[in-house]
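Notes to accompany the following structure.
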Amino acid sequence: MLPEIVGRDEFAALIIRTDYDDEAAWRAVVAEVSRPWGSDGDYEADVHLVDDPAWAGATPEAVLIALRPDDELVVVFVADSATMQSAHHALLALDLAHEDEDLDPMYYQELIDSPPVREFRTTPAAVHDVHGNLSIGNMDFEEFAQEAFTDPEGVLRPI
């Protein structure tokens, strides 16, 4: 059982560390995601970092299950082994959109035929843009995922 996340500001991007093999890589991720962001660095980074070994090795599915009770959270960023091993430290973005239990049967059939994208990779520098736009409903998860998938490495980078 993964621990509950406490003390998170709903406006802060949530980043959970699940890989503990490279401390220097983690420090690099933290430094990158903590930098001011925006076209001119106009905005301060607001992040909630979970650096708790209880999360070590947690799968994306386990992270989603652990965070499901948080109705305010729409996306979580995971610093996993792929993050730590890549030169650009691309975090795994996971969609936490809560499924509507009263779906129209026709709409539900469309979801079965082409299920929504639930994850993509993003550089730490793009985390705040993703988090902010998803939080206010300005863009949806699939729009960011499609942008990431156009990159040769499958990684969303700052626009």
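The values are calculated or read from the model by the stated rules, or taken from the named source; none is laboratory data. Values in this document were obtained by computation on a predicted structure and should not be read as measured data. Positions of Cβ are backbone-derived with ideal geometry, glycine not excepted, and every protein chain shown enters the neighbour counts.
Among what's in segment 89-121 and is part of a helix (DSSP H, G or I) and aliphatic (A, V, I, L, M), pick the residue that is modelled with the highest pLDDT.
First, the residues of segment 89-121 that are part of a helix (DSSP H, G or I): 105-113.
Applying the additional criterion that residues be aliphatic (A, V, I, L, M) yields 106, 111-112.
Details: M106: 61, L111: 56, I112: 57.
Taking the candidates together, the pick is M106.
A residue that is crowded, with 19+ Cβ neighbours inside 10 Å, at pLDDT 95 or above and in contact with a Leu (Cβ under 9 Å, 6 or more places away or on another chain) can be found somewhere in segment 60-72. Select from segment 71-100 the residues that are of a type outside the set (A, V, I, L, M, F, W, C) and closer than 15 Å to L134 by Cα and list them in ascending order. Result: D71, E72, D95, H98.
Reported count of residues in segment 122-137, each being out of contact with any helix residue (DSSP H, G or I) (no Cβ under 8 Å at 6 or more places or on another chain) and in a loop (DSSP other than H, G, I, E, B), is 2. Can you tell me which residue is surrounded by the most Cβ atoms within 10 Å (Cβ to Cβ) among those in segment 1-54 that are modelled with pLDDT under 95 and in a strand (DSSP E or B)? My answer is W37.
Quick check on F77: is it modelled with pLDDT of 85 or more, in contact with a strand residue (DSSP E or B) (Cβ under 8 Å, 6 or more places away or on another chain) and either at negative phi or assigned to a strand (DSSP E or B) (or both)? Steps first, please.
Details: modelled with pLDDT of 85 or more: yes; in contact with a strand residue (DSSP E or B) (Cβ under 8 Å, 6 or more places away or on another chain): yes; either at negative phi or assigned to a strand (DSSP E or B) (or both): yes.
For F77, the condition - modelled with pLDDT of 85 or more, in contact with a strand residue (DSSP E or B) (Cβ under 8 Å, 6 or more places away or on another chain) and either at negative phi or assigned to a strand (DSSP E or B) (or both) - is met.
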